[in-house]
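To keep things clear, I will list the structure first and then write my remarks on it.
The values are calculated or read from the model by the stated rules, or taken from the named source; none is laboratory data. None of these values were measured; they are calculated from a predicted model. As a convention, Cβ positions derive from the backbone with ideal geometry for all residues, glycine included, and neighbour counts pool all protein chains shown.
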Amino acid sequence: MPKRVLQPELDAVVQAVAQFPEGASLEEVSHALELKLPRRTLQRRLAQLVGQQRLTVSGRGRASRYRRPSVKISAVLVGSSNLTSDLSVYIPVSPEGEAVRQAVRAPIQNRQPVGYNRKFLDAYRPNQTFYLPEEIRRRLLETGRSPDGHRPAGTYVRQIFDRLLVDLSWNSSRLEGNTYSLLDTERLLKLGEAADGKDIRETQMILNHKAAIELLVEQSTEVGFNRYTILNLHALLSENLLADPAAGGRLRAIPVKIGGTVYHPLEVPQLIEECFNHILETASAIVDPFEQAFFSMVHLPYLQPFEDVNKRVSRLAANLPLIRENLSPLSFIDMPEKAYVDGIIGVYEVNRVELLRDVFVWAYERSCARYVAVRQSLGDPDPFRLRYRALVTEMVSSVVRGKMDKKTAATFIKHRADEDIPQKDRMRFIEVIETSLMGLHAGNIARYSLRPSQYQNWKETWL
């Protein structure tokens, strides 16, 4: 019986070739490989990858040079198994992504059960291994770059925060099967009104996204790929949704199963802890923000470090480097659920990232187009308001929560301005606070983390 070739071995060869954009000889591939293979074995692996169209070869004999194929995008329609009218539009995918899709679409009884492959993580070397080719990273940077790149972390996302809050909460929840509409989501987040006829867990899921997104934005200079951030993201996203409430923000100590796949995640708590720490250390060391974002989308769900809510954590964590670098955020606008799920299963079952990469690139470019339009509609931001945004939010919230009347509020605002604001900015600062209070209404109170009941109680006193 022929020896079965492990997929990670083939992937390692592809990664070695990817280090040579102009093509690599057999010797160059051999030297770049951390996994050392006999010459004849490497020749067979290269031939196999050429046959799978994962590599191309030019020249003959010693002059042979191997390259990654250029990505040519083609639209693919995916429908139900009987190809009836139940057709849905799939995202455009590369030839390599299509190969992954075909593999994970095989009947589940024909797919070989697999466990967690530690080598898949261990083989990744920050800033040497790249899941996103240089051409794609360069294109995403040009697409997602904002004029605020030189400003403090989070400047750009704060300008579009209200829109992002609704978009990301809705789309990330939708990818989990949530049936709230976009308008239902907007009404819940802005007015605190749950949609009629919806399961309470769906309402909780969206509210949890709101809390987690606020963490990313409000603490944009502090959060990152560290235990504090990822554990607290999980705690916020899983609040009131887990069978064991204490499991929120805690690495799992029990086995989990994933429906629709033959993948079996790690079960040993000590190994889960080790791999989780390894993922955070590796992600933190990655310099390129897009590679860092995509790495988290690959390896956090693959490890399944939590009892549930792993993919939601990875989708929000992918925004960490984008927010930090003032790049356009990723909100998965219009993303077909099936394409995303297929990409994730491709990672689970065959450790192939190409389909999920296609998903990531398509979703990011779609999100960028959205927020360019949003930003244009907002006009240029006021630098003064940006500088004092956190304090303005705190003070408006304090006035409302304290049910202050106009006289009490005026005294409070002047006192805080005298204490906290440089003299040259005080008059303008007081004007901004008072203007914000005068313009406060039921449709914008979420900006100040206020509930409708708090606003109504204050309004009676204010008037």
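Filtering segment 182-194 for residues that are hydroxyl-bearing (Ser, Thr, Tyr) and farther than 29 Å from Thr282 by Cα leaves a non-empty set. A residue that is farther than 29 Å from Arg385 by Cα, β-branched (Val, Ile, Thr) and modelled with pLDDT of 90 or more can be found somewhere in segment 173-195. The set of residues in segment 89-138 that are polar (S, T, N, Q) and within 24 Å of the chain's Cα centre (by Cα) comprises Ser94, Asn117, Asn127, Gln128, Thr129.
Restricting the first member to segment 180-192 and to residues that are outside the structural domain of Ser449 (by TED's automatic domain parsing), and the second to residues that are surrounded by 20 or more Cβ atoms within 10 Å (Cβ to Cβ) and modelled with pLDDT under 85, the beta-carbon pairs closer than 6 Å and six or more apart or on different chains are Leu189/Ala446; Lys190/Ala446. Looking only at segment 202-246, count every residue that is out of contact with any Leu (no Cβ under 9 Å at 6 or more places or on another chain), at pLDDT below 95 and small (Gly, Ala, Ser) and tell me the total. Residues meeting the conditions: 2. Output yes when any residue across segment 115-122 is assigned to a loop (DSSP other than H, G, I, E, B) and among the hydrophobic types (A, V, I, L, M, F, W, C), and no when none is. Among the residues of segment 115-122, not one is assigned to a loop (DSSP other than H, G, I, E, B) and among the hydrophobic types (A, V, I, L, M, F, W, C), which makes the answer no.
Filtering Glu419, Glu431, Glu394 for residues that are part of a helix (DSSP H, G or I), under 33 Å from the mean Cα position of the chain (by Cα), without any contact (Cβ under 8 Å) to a residue 12 or more places away in the chain and not assigned by TED's automatic domain parsing to the domain that holds Asp162 leaves a single hit, Glu394.
Of the residues making up segment 311-325, those that are basic (Lys, Arg) and either buried (at least 24 other Cβ atoms within 10 Å of the Cβ) or not in a helix (DSSP H, G or I) (or both) are Arg312, Arg315.
Being in the same structural domain as Arg324 (by TED's automatic domain parsing), surrounded by 19 or more Cβ atoms within 10 Å (Cβ to Cβ) and either assigned to a helix (DSSP H, G or I) or in contact with a strand residue (DSSP E or B) (Cβ under 7 Å, 6 or more places away or on another chain) (or both) narrows it down to one of Tyr228, Tyr302, so name that one. Lay out the reasoning, then the answer.
Working: Tyr228 fails: surrounded by 19 or more Cβ atoms within 10 Å (Cβ to Cβ).
After applying the criteria, what remains is Tyr302.
Results for (1) assigned to a loop (DSSP other than H, G, I, E, B); (2) touching a His at 6+ places or on another chain (Cβ under 9 Å), shown as yes or no for each residue.
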| residue | (1), (2) |
| --- | --- |
| Ala103 | no, no |
| Pro126 | yes, no |
| Leu140 | no, no |
| Thr143 | no, no |
| Val157 | no, no |
| Ser173 | no, yes |
| Leu183 | no, no |
| Glu193 | yes, no |
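So, Pro321, is that one touching a Leu at 6+ places or on another chain (Cβ under 9 Å), without any contact (Cβ under 8 Å) to a residue 40 or more places away in the chain and in the same structural domain as Val100 (by TED's automatic domain parsing) or not? Judged against the criteria, Pro321 is a match. Out of all the residues in segment 205-225, is one or more surrounded by fewer than 18 Cβ atoms within 10 Å (Cβ to Cβ), in contact with a strand residue (DSSP E or B) (Cβ under 6 Å, 6 or more places away or on another chain) and on the phi < 0 side of the Ramachandran plot? Taking every residue of segment 205-225 in turn, none turns out to be surrounded by fewer than 18 Cβ atoms within 10 Å (Cβ to Cβ), in contact with a strand residue (DSSP E or B) (Cβ under 6 Å, 6 or more places away or on another chain) and on the phi < 0 side of the Ramachandran plot.
Being surrounded by 15 or more Cβ atoms within 10 Å (Cβ to Cβ), basic (Lys, Arg) and in the same structural domain as Glu354 (by TED's automatic domain parsing): is that true of Arg125 here? For Arg125, the condition - surrounded by 15 or more Cβ atoms within 10 Å (Cβ to Cβ), basic (Lys, Arg) and in the same structural domain as Glu354 (by TED's automatic domain parsing) - is not met.
Among the acidic types (Asp, Glu) and either within 13 Å of the chain's Cα centre (by Cα) or not assigned by TED's automatic domain parsing to the domain that holds Ile136 (or both): does that describe Glu267? Talk me through it step by step, then tell me what you get.
On the way: among the acidic types (Asp, Glu): yes; either within 13 Å of the chain's Cα centre (by Cα) or not assigned by TED's automatic domain parsing to the domain that holds Ile136 (or both): no.
When the stated conditions are applied, Glu267 does not pass them.
For segment 323-346, a residue qualifies if it is out of contact with any Ser or Thr (no Cβ under 7 Å at 6 or more places or on another chain) and over 27 Å from Gln102 (Cβ atoms), and exactly one does: Glu325.
Just to verify a result, which residue in segment 13-51, among those that are among the hydroxyl-bearing types (Ser, Thr, Tyr) and surrounded by fewer than 16 Cβ atoms within 10 Å (Cβ to Cβ), is nearest to Asp122 (Cα to Cα)?
Of everything passing the filter in segment 13-51, Thr41 is nearest to Asp122 (Cα to Cα).
Does any residue in segment 251-262 that is over 18 Å from Ala235 (Cβ atoms) and touching a residue at least 40 places away in the same chain (Cβ under 8 Å) come within less than 7 Å, Cβ to Cβ, of a residue that is among the basic types (Lys, Arg) and buried (at least 17 other Cβ atoms within 10 Å of the Cβ) six or more places away or on a different chain, and which pairs are these? So the pair list comes out as Val262/Arg111.
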